[in-house]
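**Q** For reference, the structure I am asking about is given below.
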Amino acid sequence: MKAVRYHETGEAEVLRWESVPDPVPGDRDVLIKVEAAGVNYADVMRRSGKYHFKVEFPAPLGTEAAGTVVKTGRDVKDFSVGERVFCRTTSAGCQAEMVVAPETEVLRMPQGLSFIDAAAIPVIFLTAYHMLKTLAPLRAGETVLIQAAASGVGTAAVQLCKVWGATVIATASSDKKLEFVKALGADHVINYQQRDFVAESLRITGGVGVDRVLECVGGDVLTKSIDALAPGGRLMIYGRASGNLPAIMPEQIFAKNLQINGLNIGGKPWTLAIHRAALDEIIALVTSGKVKPVISETFPMKKVIDAHHHLSNRKTIGKVILIPKEA
């Protein structure tokens, strides 16, 4: 089969679509023929060597996919050959024609859900869900400032906030993106290229500040996000797309009784059981039509370099998907 791999860190051009041995499922594993795989900004960070993870080369990419079961291990009881499934794996390798996943990381696809939509769900919706519910349950009436609201996680977070009764202030870099997140349900939108999001957030909240910020950019956006918080507010950090995590002075935190949470859904203390319960609730919201994955662009898997350029150039509104059958 073929898979996306990189033999060194660097620019997108280090990525290869190359032949590798077919994966072999263990006794409790499911072998999936991949029909669609998600691409996340974390993949860009891993490939560029800017993440804290150590990798062994050649390294695979991708932690979410949807497809059809083609083989099961002898101790697998819950899945059969031919079933439509999706997965969020703890190890990379989903950006390939086939992937092996432990039975515990595989879920059945609801009827009517496409492979593309199923592959788009796990990472972005789990990230948004855990920031809004698991780490600190969102209260109806809270005001949430969502940075980079047109991103995959941002589009998921806007929708979940509205389902759970929050007021959403969304930022993005273009009016086109803001029009989209407004249509998703954002109550207020700010083009941060043209306006100061701190001043606008304070104006919208009558000078009080927001209850919660979801932040993935880093740099000045992170430090200014602290200024946008109300006393007792909560800063949720789940990335650093700018590549920079600035120092935060303790007085910025304790003077306003702020709380800071970091989120990496691939690390401890997150367990499969926690993710599974969250995904069950997310899928129920998807099948009921209350939320939906937003697809920015699909690329043939052999054009993974183009997909990374698309993400890095901030052209996305929603999620980027790779499709191996077009390769």
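The values are calculated or read from the model by the stated rules, or taken from the named source; none is laboratory data. Note that the structure is a prediction, hence the values are computed from the model and not measured. Backbone-built Cβ (ideal geometry, glycine too); neighbour counts: all protein chains shown. Areas reflect the complete protein model, heavy atoms only, side chains present, ligands, DNA and RNA absent. Shrake-Rupley method; radii C 1.70, N 1.55, O 1.52, S 1.80 Å.
**Q** Any idea what diffusion coefficient the chain gets from Stokes-Einstein, in µm²/s, Kirkwood Rh on alpha carbon pairs, 10 °C, 1.306 mPa s? Let's see the in-between values first.
**A** On the way: Rh = 20.2 Å.
D = 79 µm²/s.
**Q** Work out, step by step, the length gained on full extension between Ala284 and Glu56: first 0.36 nm times the residue separation, then minus their alpha carbon distance; give nm to one decimal. Please report the intermediate quantities before stating the final value.
**A** On the way: separation 228, 0.36 × 228 = 82.08 nm, distance 3.75 nm.
Between Ala284 and Glu56, full extension yields 78.3 nm more.
**Q** Another question, then. Compute the length gained on full extension between Val81 and Leu135: take 0.36 nm times their separation in residues and subtract their Cα-Cα distance, giving the result in nm to one decimal.
**A** Gain on extension, Val81 to Leu135, equals 15.8 nm.
**Q** Below 8 Å, C-alpha to C-alpha, sequence gap of six or more: please give me the relative contact order for the range 125-232 in percent. Kindly include the intermediate steps, with their values, before the conclusion.
**A** Details: 191 pairs, mean separation 27.0, N = 108.
Once divided by the residue count of the range 125-232, the mean separation gives 25 percent.
**Q** Not counting ligands, DNA or RNA, and with a 1.4 Å probe, what is Lys182's accessible surface area in Å² rounded to the nearest 10?
**A** We get 100 Å² for Lys182.
**Q** May I pose another question? Can you give the log10 of the normalised intensity I(q)/I(0) at q = 0.14, 0.15, 0.21, 0.25 Å⁻¹, computed with Debye over equal Cα scatterers of the range 41-112?
**A** -0.50, -0.56, -0.91, -1.13
**Q** Moving on to the next point. Cα to Cα, under 27 Å, and not fewer than 8 places away if on the same chain: which lysines meet these conditions relative to Lys290?
**A** Output for Lys290: Lys133, Lys162, Lys176, Lys177, Lys182, Lys315, Lys319.
**Q** Accessible area per residue, 1.4 Å probe, Å², for the chain: what's the number? Write out the running numbers ahead of the final one.
**A** Working: 14270 Å² over 327 residues.
Averaged over the residues of the chain, the accessible area is 44 Å².
**Q** For the chain, modelled as a Gaussian network with Cα springs under 10 Å, which listed residue fluctuates most, Ala277, Ala170, Ala230?
**A** Between Ala277, Ala170, Ala230, it is Ala277 that shows the largest mean-square fluctuation.
**Q** With an 8 Å Cα cut-off and a minimum separation of 6 or more residues, compute the relative contact order for the chain in percent. Each step should come with its number before you reach the end.
**A** Working: 728 pairs, mean separation 58.4, N = 327.
So the answer I get is 18 percent.
**Q** Please compute P(r) over all alpha-carbon pairs of the range 125-281, binned at 5 Å starting from zero, and give each bin as a whole-number percent.
**A** 2, 10, 20, 23, 23, 14, 7, 2, 0
**Q** Next up: Would you calculate, for the chain, the mean residue ellipticity at 222 nm contributed by helices, counting each DSSP H stretch of 4 or more residues as -39,500 (n - 2.57) and dividing by all residues, to the nearest 500?
**A** Details: 10 runs with 92 residues, N = 327.
Calculated from helices alone, the mean residue ellipticity at 222 nm is -8000 deg cm²/dmol.
**Q** Something else about it: Want the number for Asn313 to Met1: 0.36 nm per residue separation, take away the alpha-carbon distance, what's left? Don't skip to the end; give the middle numbers.
**A** Details: separation 312, 0.36 × 312 = 112.32 nm, distance 3.01 nm.
Working it through step by step, the gained length comes to 109.3 nm.
**Q** What is the percent carbon and sulfur in the accessible area of the range 83-231, measuring with a 1.4 Å probe over the protein chains and ignoring ligands?
**A** Numbers: 2630 of 5110 Å².
Carbon with sulfur: 51 percent of the solvent-accessible area.
**Q** Given +1 on the Cβ of Lys and Arg, -1 on the Cβ of Asp and Glu, and no further charges, what dipole in debye does the range 103-245 carry about its Cα centre, rounded to the nearest 20?
**A** On the way: 13 positive and 13 negative charges, 27 e Å.
Value, rounded to 20: 140 debye.
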